[in-house]
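Novice: Please see the structure below; I have some questions.
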């Protein structure tokens, strides 16, 4: 029983981290049609803001609160200076986000002298879940992810500003005709996606430590999630990231389960489990080329 | 040490930052694209040209930069004391840029244009493998590799001055077993250095009466280890011999700690941990981790203490520490071995003469104690220290004198 709870908790925790990372990417990709290859660096910037607060001797949680706003400001600045000019050329926009990401990553590398820095979680005491001790911080991440996911969904579907966003992105001319400032909406949406990435980075940095390549490690899996879930909907990439996030620890756990007196892990190395995530995702996409969800609410 | 990280070229930003730092330190740009540090005095027969090919930029720079700084300190000390056989040491630096392709071109320039008499450098094993050919075979030059590594490098004219698996395990594993730790888990990154070190360690564990219950290799950027940690717990492992490197290291350490492994009496060992590891693991996870290296700042060693003092004076704003895990101690030994060999040849710098003189030579002054090049092996015996992390420092628990590297015996 203890193992099952631990297994479920670990899968849920890693899924939540993936969802957090993909949430911002999904908003920008699905709402704006921009594949932001610099998304990993927005995640990195969120983590870096927390590091700066730690270096200044301020509480970590203040850094975590400030991070999404700081990264949103950065996102807005990038949208106004670069992305805005490239909506008509999505490939160029994608390449420019790659260049922006690379620039941010290398600047952070110089700032942190290419080293790794540990950042302690604001809450370190484990909590008991059905009698099993689990990490309090991972539990908080799970809760926050659920809240954020719901919040984003409600914001985009139930508020008038959410309606303006969807309208501006679906039919910009009509939206402008109705008096909606589409350029303002675009900047806001991009900044909102960046803020979500910043928050993801700030929340997960205690689990992985800060390094210049922090965002890169998640970017490939994040894009895999978007591909698996389906582009064009808000829910698709979220579902995709939850599936990818569950597969990563899930396959490692599968190796440990005895089957007819034989453990797969004895013959299959962990590296195979990592590759298996990509194979399964590709097989799913083979049968569902548009991803798991082609029609969403948003 | 075969750290494998995505290779990168030199960006303009890095180049400018690096160039400014070098110029400020008195280095002048050479026609070959590298940098030179002139000695304060000259000799009729010219200086000894000591080439340094290390990672000044890129992900491995935190190890390359202190190695380069220690070489400057070593050269300054030798030159201030009158040089080697009446000749000063002139340093030539090229950046290997954590990128093997860039490195091969730069090292070739170091050999062909700067005409280095000896080259010291390379941090990762992939870098050593890439630059040894242009240095030793095509360049017909002596090569000294300073970093702790997986062993089995038996190329003629290539001298290794860092610890080998035998040196890092010979004292540590019996120490752990004698302290009641019998069931071992050996997780590692999936590349050559952890694989060979873990192979050596598991053989030694079994010979000494311990039991290896888990031996697995993971992708370098794997960030999820819950299944491994669960197995460590269910198999009642009492010692984790960890060879997972960053960035996976931090995720693994956290999950292991959160599982209550240390709280329930388990111990962790990471043989490459030095004083720098305090930055990348939180105190509570670092506390008590065992390591085994050729030098720690807490070693009672007047030579090491003096070197640390001089290092701080020479580089008051150094970003990286002078520690054993970076290759810096091996670099200092390399310079001292070369000095001793040239003294023995009476100033003859031909590589055959120097290599022959280096065979079996002994040095007395190096961080952590003296060292002896074992005849016919091109590896050196050195003192090794078993230590445990304690409040961002290392408490020395045991010492083994002149531990044999156990390499290249048949060659």
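Coordinate-derived values only; no laboratory data. On a predicted model such as this, the values are computed, not experimentally measured, just so you know. In this analysis, Cβ positions are derived from the backbone assuming ideal geometry, glycine residues included, and neighbour counts consider all displayed protein chains.
Novice: For chain B, state what percent of all Cα-Cα pairs lands in each successive 20 Å bin, counting from 0 Å until the bin that includes the largest distance.
Specialist: 28, 58, 14, 0
Novice: For each of B:56, B:402, count neighbouring Cβ atoms within 10 Å of the residue's Cβ, then give the residues from fewest to most. Write down the numbers at each step before the final one.
Specialist: Numbers: B:56 26, B:402 16.
Starting with the residue having the fewest Cβ neighbours, the order is B:402, B:56.
Novice: What is the order of A:255, B:115, fewest Cβ neighbours within 10 Å to most?
Specialist: On the way: A:255 21, B:115 13.
Fewest-to-most ranking of A:255, B:115: B:115, A:255.
Novice: Restricting to chain B, what percent of DSSP beta bridges are antiparallel, rounded to 5?
Specialist: Details: 23 of 55 bridges.
About 40 percent, rounded to the nearest 5.
Novice: Shielding by partners for A:247-254, please: the mean number of other protein chain Cβ atoms within 10 Å of each residue's Cβ.
Specialist: Details: counts 0, 4, 6, 3, 2, 10, 6, 1.
Per-residue shielding by partner chains comes out at 4.
Novice: Among rounded, prolate and oblate, which fits the range B:173-320 when a ≥ b ≥ c are the square roots of the eigenvalues of its C-alpha gyration tensor, a/c under 1.5 means rounded, and a/b larger than b/c means prolate?
Specialist: Because a/c hits 1.5 or more and a/b exceeds b/c, the range B:173-320 counts as prolate.
Novice: Using only Cα atoms, figure out Rg for the range B:275-411 and give it as a multiple of 2.2 N^0.38 Å.
Specialist: Working: Rg = 16.7 Å, N = 137, 2.2 N^0.38 = 14.3 Å.
Output field value: 1.17.
Novice: Relative to the longest principal axis of the C-alpha atoms of chain A, give the angle of the C-alpha long axis of helix A:270-287, reported between 0 and 90° and rounded to the nearest 10°.
Specialist: Taking Cα atoms only, the helix is inclined about 50 degrees.
Novice: Sorted from largest down, what three extents in whole angstroms do the Cα atoms of the range A:2-212 have along their principal axes?
Specialist: Here the spans come out as 59, 41, 29 Å, largest first.
Novice: Suppose the chain between residue A:269 and residue A:2 were pulled fully straight at 0.36 nm per residue; how much longer would it get relative to their current alpha carbon spacing?
Specialist: Values: separation 267, 0.36 × 267 = 96.12 nm, distance 2.49 nm.
Full-extension gain reported as 93.6 nm.
Novice: Cα centroids of the range B:62-133 and the range A:1-19: how far apart, whole angstrom?
Specialist: Taking the Cα centre of the range A:1-19 as reference, the centre of the range B:62-133 is 49 Å away.
Novice: Let me ask you something else. Any chance you could give the angle, 0 to 90 degrees and rounded to 10, that helix B:328-345 forms with the longest Cα principal axis of chain B?
Specialist: It is inclined by approximately 40 degrees.
Novice: Could you work out how much longer the chain between residue B:388 and residue B:313 gets when fully extended? Use 0.36 nm per residue separation minus the Cα distance between them, nm to one decimal.
Specialist: Numbers: separation 75, 0.36 × 75 = 27.00 nm, distance 2.80 nm.
Stretched fully, the residue B:388-residue B:313 segment lengthens by 24.2 nm.
Novice: With r as the distance between the Cβ atoms of residue A:184 and residue B:350 and R0 = 45 Å, compute the FRET efficiency 1/(1 + (r/R0)^6) and round to 0.05.
Specialist: Details: r = 74 Å, r/R0 = 1.65.
Computed FRET efficiency for residue B:350 and residue A:184 comes out at 0.05.
Novice: What order do you get for A:83-94, B:83-94 when each peptide is scored by the mean count of other beta carbon atoms within 10 Å, highest first? Before the final figure, lay out each step's value.
Specialist: On the way: A:83-94: 14.2, B:83-94: 21.8.
Those peptides, ordered most packed to least, come out B:83-94, A:83-94.
Novice: Follow-up question, since we're still on this one. Would you mind ranking B:274, A:133, B:117 so that the residue whose beta carbon has the fewest other beta carbons within 10 Å leads the list? If you can, show how the numbers build up before the last one.
Specialist: On the way: B:274 24, A:133 16, B:117 21.
Neighbour counts put them in this order, fewest first: A:133, B:117, B:274.
Novice: Can you classify the range A:153-298 as rounded, prolate or oblate using the Cα gyration tensor, where a ≥ b ≥ c are the square roots of its eigenvalues, rounded means a/c under 1.5, and otherwise it's prolate if a/b beats b/c and oblate if not?
Specialist: Prolate shape, in that a/c is at least 1.5 and a/b is the bigger ratio.
Novice: Hey, another quick one. Helix B:100-112: angle to the longest alpha-carbon principal axis of chain B, degrees 0 to 90, nearest 10?
Specialist: 30 degrees
Novice: In nanometres, what is the gap between the two model label sites at residue B:29 and residue A:107, each 7 Å from Cα along Cα-to-Cβ?
Specialist: 2.6 nm
Novice: So in the protein assembly as shown, what percent of DSSP beta bridges are antiparallel if you round to the nearest 5? Numbers along the way, then the final one.
Specialist: Numbers: 29 of 61 bridges.
So the antiparallel bridges amount to about 50 percent of the total.
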